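Enquirer: Below are the structure tokens for one structure; questions will follow.
Readers should treat all values here as calculations from the given coordinates under stated rules, not as data from a laboratory. From a predicted model like this one, the values you see are computed outputs, not experimental measurements. Positions of Cβ are generated from backbone atoms using ideal geometry, with glycine treated the same way; all protein chains shown enter the neighbour counts.
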Amino acid sequence: MAPRNTYKQRPAQAVPGHERQLVGHRVLRPLEGWLAELHRLPAHGNRSLFADHLLVAHLVAFLSPALKSLRRIEEVFNHAAARKRFGLPPMPKSTLSDAQAIFDPALLDPIIAGLRCRVPTLPHEPQLDALLKMLVAVDGSFFTLAPRVAWALYNKPHADTALPAGSTRRKKNTKCKGNIRTDVHFNVIAGVPEQAIVTDGRTPEYQTLMDHLLPDRFYVLDRAYHCYQMMADIIAAGSDFLVRLRKDMQFETVEDHALSGADRLAGILRVQTVRATGWRGCHALNTTPLKLVSIGLPDGTQMRLLTNRVDLDAELVGLVYRYRWQVELFFRWLKCLVNFRHFFSESPQGVALQIGAAVIGTLLIALIIQDRPSSYDWAMMTHVMNGLIPLDEETFRIMAARRAERARAAAWQKAYRARQKTAR
């Protein structure tokens, strides 16, 4: 995938029988067919590092906390035993760097979609079945890059700072940092991501969603998604939405609905059928009826939730929005829990490759354990990847016991909060 180095080294050739060895490695076995397709992609004749090699190296790094740089990856695969185990050639740091810059991240899209289809649906609240569509929480989060990454330096300098009275010279704070934004579509019921779109942060989040809409989805969105046209596009795509409104978004009331006892217990203050007003709202949504639910918050403020599903109960609307927090937990998974605190590349392609490999690694864990992965599952899989423990029934039993323990703790917390709320 990158020009071969001219200095002397062991021939960068695939280890004989590497296909059989890779298939025999149970962690990467679900990727067998896709890796073979990546290896067959047309490449320059002077290249010895192919797309499948690059993806496997990133997955090994994802499940190996010590591999935090290209130099460390190079050192590991300088050893013949590591190359034999994963069917990889030597991977010099410079070659890896060049390869990441020309890798097409779109090649990972069918792998992510294929793995997602194989992840089972997990037990969930029976009320969510009334949605009739796949519940997807969408949000974006920023990841910091080094200030020298020019393509990510979109931040404007901070506003002029105040100066002492009588001063005529203006003082500016020109401190800047590099940022990229990753917009994730998270499947709430399966507990795994569906899409991860990397942008430089200039494109609004609602525009990125409009460019990647899919049918038969129920999108749960935060206040950053405040576009009338986005709502109309979601409906036109055959999907539904639930979005938290900003204070400046107003609608015309068509009907006020009476509140039930369950609604009042859930903190619901008002339920209305509304329609859009203003030129932009009327142009996008016309006379489409929408349901507006106002919920009281502990700090005394209100949260307004808008959905096109006027048939849903207000209590269910509030329940669905609480599931949006699952995508925030996934960002925490990426930033804090797994090996994802440092980017190996400063190119857009390399950054997207590393994020795509992290998503594939998460899907692999979910597929192997047949459950929503946790930090404990990731830790156990790192031991499997490094050969400390085998991937056998004993390993599965240990991981299942830990998940059951965490589920019991979560159920206790939920019951405790319900009792506290009833007492008030």
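Enquirer: On a 0 to 90 degree scale, rounded to 10, what angle separates helix 375-385 from the longest Cα axis of the chain?
Expert: Once rounded, the angle reads 10 degrees.
Enquirer: Shifting gears a bit: At a Förster distance of 41 Å, what's the computed FRET efficiency of Ser141 paired with Ala410, Cβ-Cβ distance as r, to 0.05?
Expert: Numbers: r = 23 Å, r/R0 = 0.57.
It comes to 0.95.
Enquirer: Taking 0.36 nm per residue of sequence separation and subtracting the Cα-Cα distance, how much length would be gained by fully extending the chain between Ala113 and Arg72, in nm to one decimal? Write down the numbers at each step before the final one.
Expert: Values: separation 41, 0.36 × 41 = 14.76 nm, distance 3.03 nm.
Going from the current span to full extension adds 11.7 nm.
Enquirer: Any chance you could run the full-extension gain for Leu132 through Arg397? It's 0.36 nm times the residue separation minus the Cα-Cα distance, nm to one decimal. Each step should come with its number before you reach the end.
Expert: Values: separation 265, 0.36 × 265 = 95.40 nm, distance 3.39 nm.
Taking Leu132 through Arg397 to full extension adds about 92.0 nm, to one decimal.
Enquirer: Near the amide H of Val192, under 5 Å away, which other amide H atoms are found, from residues 5 or more places off or on another chain, if H is placed in the peptide plane?
Expert: Hits under the 5 Å cutoff: Asn187.
Enquirer: Using +1 at the C-beta of Lys and Arg and -1 at the C-beta of Asp and Glu, which of Leu38, Leu59, Val188 has the Cα lying farthest in the positive direction of the dipole of the chain?
Expert: The Cα lying farthest towards the positive end belongs to Leu59.
Enquirer: Which whole-number percentage describes the relative contact order of the chain, with Cα contacts under 8 Å and a sequence gap of 6 or more? Each step should come with its number before you reach the end.
Expert: Working: 662 pairs, mean separation 73.2, N = 424.
Contact order relative to length: 17 percent.
Enquirer: Counting each DSSP H run of 4 or more residues in the chain as -39500 (n - 2.57), what helix-only mean residue ellipticity at 222 nm follows after dividing by all residues, to the nearest 500 deg cm²/dmol? Walk me through the intermediate numbers first.
Expert: Details: 16 runs with 171 residues, N = 424.
That comes out to -12000 deg cm²/dmol.
Enquirer: If you take the beta carbon distance between Ile102 and Leu337 as r and set R0 to 35 Å, what does 1/(1 + (r/R0)^6) give as a FRET efficiency, to the nearest 0.05?
Expert: My answer for the efficiency is 0.70.
Enquirer: Given R₀ = 41 Å, what would the calculated FRET efficiency be for Lys84 paired with Arg148, taking r from the Cβ atoms and rounding to 0.05? Write out the running numbers ahead of the final one.
Expert: Working: r = 37 Å, r/R0 = 0.91.
That pair, Lys84 with Arg148, gives E of 0.65.
Enquirer: Order these by the 10 Å Cβ neighbour count, fewest first: His383, His185.
Expert: Details: His383 14, His185 21.
So the ranking, lowest neighbour count to highest, is His383, His185.
Enquirer: Based on other C-beta atoms within 10 Å, arrange Cys336, Cys227, Cys282 from fewest to most.
Expert: Details: Cys336 10, Cys227 19, Cys282 14.
Ordered by Cβ neighbours within 10 Å, fewest first: Cys336, Cys282, Cys227.
Enquirer: Let me know the Kirkwood hydrodynamic radius for the chain, please, with Cα pairs as the basis and the value in Å to one decimal. Spell out each step's value before the answer.
Expert: On the way: mean 1/r = 0.0411 Å⁻¹.
Every distinct Cα pair counted, the radius reaches 24.3 Å.
Enquirer: Would you kindly state how much longer the chain becomes between Asp216 and Ala36 on full extension, computed as 0.36 nm times their sequence separation minus their alpha carbon distance, in nm to one decimal? Present the calculation step by step, with values, prior to reporting the outcome.
Expert: Numbers: separation 180, 0.36 × 180 = 64.80 nm, distance 3.16 nm.
Gain on stretching Asp216 to Ala36: 61.6 nm.
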